[in-house]
Amino acid sequence: MQLLLMGPPGAGKGTQAVKLVEKYKIPQISTGDMFRAAVKEGTELGKKAKACMDAGTLVPDEVTVGIVRERLAKDDCKGGFILDGFPRTVEQAKALEKILDELNLKLTKVLNIRVPAEFLIERAVGRRICKGCGATYHVKFNAPKVEDTCDNCGGKLYQRADDTEETMKKRLSVYEESTRPLIEYYEKVGLYTEVDGRQPIEKVTEELENVLNSVEG
Ligand code: AP5
Ligand code: MG
Ligand code: ZN
């Protein structure tokens, strides 16, 4: 399955992608995670991405498309993949079409986790991530058993630099302007489905799996 997981910042794309990875044994490709890894390693890509991420704006399309092209050409994507957070502009969606054509692949489904803006700041500001294994928590909605400590590996939890109220406001306005138009774009090609992302995490997973079961079956 070649899946695209869309949704505004803090909607739960990463949280749900992890569940789908487990179930379908296909890799998650998160451009945000790739940029954060590059920032940590201090690579040229990381330097280019950091300023945009800190400001809550988009990394330029040519940079983003380049890393996705490389990633999708890897062997582990031959059996399918889940794109998380890419594409985010109509330009990126058109570039993705070309990349998939070159690889002789087609998108199976576009899944949008729809969450109204008033939920999203709280989700982002309360998010905590494990330094050790990358697991995502939320101080209120998905709290670890021991405060600031990962249930899986005992690692310390940290906050993403862009998970402040101020940066989230910018990220949300960028979403409205640049990313929301993709809903119409994918509706037109008949691949689009949305689930109600206001529900608890497990319920959202169930609905996504139901959609995918109907595709498979
Ligand atoms: P990226 O890392 O993709 O950030 P984002 O799109 O803003 O999305 P998030 O990762 O913040 O949210 P999510 O939907 O994954 O939610 P999560 O599951 O963690 O991008 C970061 C930056 O990189 C961008 O701003 C940009 O600069 C750059 N970038 C990335 N891709 C790019 C691209 N294609 N083009 C250009 N630039 C790009 O959940 C959030 C919180 O809510 C967690 O705490 C979680 O526990 C909780 N939660 C999840 N689901 C629920 C639920 N159902 N109920 C209650 N709480 C929930
Ligand atoms: Mg994410
Ligand atoms: Zn951990």
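Can you give me the number of residues within the range 197-217 that are at pLDDT 95 or above and over 20 Å from Arg127 (Cα atoms)?
The initial filter retains those residues of the range 197-217 that are at pLDDT 95 or above, namely 197-212.
Right, trim to over 20 Å from Arg127 (Cα atoms) and you get 206-212.
Total meeting the criteria: 7.
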Checklist outcome for this item: Just one listed residue, out of Leu103, Leu96, is touching a Pro at 6+ places or on another chain (Cβ under 7 Å), more than 8 Å from ligand 1 (Cβ to nearest atom) and not charged (D, E, K, R), and it is Leu96
Checklist entry - Yes or no: Val139 touching a residue at least 40 places away in the same chain (Cβ under 8 Å) and surrounded by 15 or more Cβ atoms within 10 Å (Cβ to Cβ)? => result no
Checklist entry - Which members of the range 49-76 meet the condition of being crowded, with 18+ Cβ neighbours inside 10 Å and either among the acidic types (Asp, Glu) or over 15 Å from Met34 (Cα atoms) (or both)? => result Gly56
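Out of the range 151-170, which residues are outside any loop (DSSP other than H, G, I, E, B), away from ligand 2 (no atom under 16 Å from the Cβ) and either surrounded by 14 or more Cβ atoms within 10 Å (Cβ to Cβ) or within 20 Å of the chain's Cα centre (by Cα) (or both)?
Narrowing the range 151-170 to residues outside any loop (DSSP other than H, G, I, E, B): 156-158, 165-170.
Checking which are away from ligand 2 (no atom under 16 Å from the Cβ) leaves us with 156, 165-166, 169-170.
Selection gives Glu165, Lys169, Lys170.
The values are calculated or read from the model by the stated rules, or taken from the named source; none is laboratory data. Quantities reported herein were computed from a predicted structural model and do not represent experimental measurements. Every residue, glycine as well, gets a Cβ built from its backbone with ideal geometry; the counts of neighbours run over all protein chains shown.
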